[in-house]
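Engineer: Shown below is the structure under consideration.
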Amino acid sequence: GINRNCDERSVIKAYRDSALRWHPDKWASASEEQKTLAESTFKEVSIAYNTLKDSSKRRQYDLTLVF
């Protein structure tokens, strides 16, 4: 949910916001379906962050988006 041309600080802020929102511990009292959704979303957020924080991985990702 960030702009393609954002800086590293924006990536970190977006990651922290999303990680706090979707952290599985926050969904402990939710239904099993909601817990599963939170876990999978948290994993996706972590993968996205690891890709975007590494400049070479981010460049490779950006190249795959070029039509």
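The numbers here are math on the coordinates, done by the rules we state, and not lab data. Given the structure is predicted, the values throughout are model-derived calculations rather than measurements. All Cβ positions, even for glycine, are placed from backbone atoms using ideal geometry, and neighbour counts span all protein chains on display.
Engineer: For Glu33 and Ile12, FRET efficiency with R0 = 30 Å and r from the beta-carbon atoms, rounded to 0.05?
Structural biologist: On the way: r = 30 Å, r/R0 = 1.01.
Taking R0 as 30 Å, the efficiency between Ile12 and Glu33 is 0.50.
Engineer: Between helix 8-22 and the chain, what is the angle of the helix's C-alpha long axis to the longest principal axis, kept within 0 to 90° and rounded to the nearest 10?
Structural biologist: The angle comes out near 20 degrees.
Engineer: OK, next. As a test of the formula, what do you get for the chain when each DSSP H run with n ≥ 4 contributes -39,500 (n - 2.57) and the sum is divided by the residue count, at 222 nm and rounded to the nearest 500 deg cm²/dmol? Don't skip to the answer; put the middle values down first.
Structural biologist: Working: 3 runs with 48 residues, N = 67.
-24000 deg cm²/dmol, from helical runs alone.
Engineer: A follow-up question, please. Give the cross-link partners of Lys57 among the lysines, using a straight C-alpha distance below 26 Å as the criterion and excluding same-chain residues fewer than 8 apart.
Structural biologist: Those lysines meeting the cut-off are Lys13, Lys43.
Engineer: Shifting gears a bit: Taking 0.36 nm per residue of sequence separation and subtracting the Cα-Cα distance, how much length would be gained by fully extending the chain between Leu63 and Ala19, in nm to one decimal?
Structural biologist: Numbers: separation 44, 0.36 × 44 = 15.84 nm, distance 2.59 nm.
Result: 13.2 nm gained on full extension.
Engineer: So how do 34-44, 4-14 stack up, highest first, on mean other-Cβ count within 10 Å?
Structural biologist: Working: 34-44: 14.3, 4-14: 11.9.
With the highest mean Cβ count within 10 Å placed first, the list reads 34-44, 4-14.
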